[in-house]
1. Name, by its number, the condition in (1) farther than 20 Å from Leu257 by Cβ; (2) surrounded by fewer than 24 Cβ atoms within 10 Å (Cβ to Cβ) that does not hold for Ala219.
2. Of all the residues that make up region 94-125, how many are among the small types (Gly, Ala, Ser), under 22 Å from Ala166 (Cβ atoms) and in contact with a Cys (Cβ under 8 Å, 6 or more places away or on another chain)?
3. Looking only at residues that are out of contact with any helix residue (DSSP H, G or I) (no Cβ under 9 Å at 6 or more places or on another chain), touching a residue at least 12 places away in the same chain (Cβ under 8 Å) and among the hydroxyl-bearing types (Ser, Thr, Tyr) in region 113-129, which one is surrounded by the fewest Cβ atoms within 10 Å (Cβ to Cβ)?
4. For residues that are surrounded by fewer than 24 Cβ atoms within 10 Å (Cβ to Cβ) and on the phi > 0 side of the Ramachandran plot, tally how many sit in region 29-64.
5. What tally of residues in region 57-72 results from selecting those that are touching a Phe, Trp or Tyr at 6+ places or on another chain (Cβ under 8 Å) and part of a loop (DSSP other than H, G, I, E, B)?
6. When you look at Val23, is it surrounded by fewer than 17 Cβ atoms within 10 Å (Cβ to Cβ), among the β-branched types (Val, Ile, Thr) and out of contact with any strand residue (DSSP E or B) (no Cβ under 8 Å at 6 or more places or on another chain), yes or no?
7. Considering only region 17-56, state which residues are assigned to a helix (DSSP H, G or I) and of a type outside the set (Val, Ile, Thr).
8. More than 21 Å from Ala16 (Cα to Cα) and not hydroxyl-bearing (Ser, Thr, Tyr) - does that describe any residue in region 170-183?
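Derivation of every value follows stated rules applied to the coordinates shown; laboratory data play no part. Model, not experiment: these values are computed from the prediction. Every residue, glycine among them, receives a Cβ derived from its backbone with ideal geometry; neighbour counts consider all protein chains shown.
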Amino acid sequence: MHTSHTMTHTPPLRIAAAQSTSVAGDITANVQIHTRFISAAHQAGVTLLVFPELSLCGYELALLHKCLLQPDDPRLAPIRTLVQQTGMTVVLGAPYLQDQQAAPCIAAFTFFPDGSSSVYAKQHLHASEERYASTGHAGCQRHGLRDESYALAICADTSHTEHAKAAADSGASLYLASVLVSEGGYAADAAQLAQYARQLNMGVLMANHGGPSGSYVSAGQSAFWAPGGQQVVRTPGTGHFLLVAEKHAGAWRGEVLALPA
């Protein structure tokens with residue numbers, strides 16, 4: 001007897017940058033902004049969502065020590081719950097105390113749908129950050145995502161070629177960067193990320209702030225470059241946007257979804 005097997009349809013992989021804005025030092029308000037973006041991303045079928053650098057407190061270096069967070073912080077419960085409900089993986093930015101003596105790290109928390117989490121701490125600091133923050137101890141961490149895998153970067157990490165190369169050497173096919181890039185720095189930083197996509201043959205996602213943070217005016221323009229270096233999609237400037245890159249039949253395509261302010 002011949003039985004036919006029905007193919008289960010796997011939706012395409014969709015990764016996204018949350019081009020959000022942050023309220024200076026207000027964790028509770030920022031958690032609400034994050035949950036709005038996560039809900040919108042879930043409606044858009046996103047598999048993995050990346051927020052900008054220090055998205056939970058804003059790029060407020062002088063406030064880092066007052067905004068310390070751990071992945072299991074009760075204030076982040078709405079985000080953890082939503083991650084488990086939606087089945088998405090979410091990466092967000094927070095100050096994190098790596099050990100008791102040192103200044104906090106500028107970190108990325110990743111929340112996974114099974115309730116687990118991981119922490120990546122920025123390896124390379126700008127000179128202006130060294131007074132307020134300490135560098136992360138652990139190097140490149142690669143995480144699987146369907147038939148892709150990714151490694152994280154936080155802003156100044158991306159200006160060090162060896163950081164991106166370590167991600168490629170680990171086997172990561174995607175390099176996901178949470179940043180705060182101003183108008184003045186945007187052209188050079190975007191060119192650097194495009195170069196990594198081209199030379200290291202990785203997909204590169206940049207999640208930038210949607211508005212001013214700290215003393216910086218963000219350029220917005222979050223973007224995704226496909227392996228090989230072609231820019232697939234970019235937001236039109238500042239403001240609240242979801243930038244989505246979708247891998248379909250081996251090729252990448254993108255879309256930008258505006259979110260109400």
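1. (1)
2. 1
3. Here the answer is Ser118.
4. Result for region 29-64: 1.
5. 5
6. yes
7. Matches in region 17-56: Ala29, Asn30, Gln32, His34, Arg36, Phe37, Ser39, Ala40, Ala41, His42, Gln43.
8. yes
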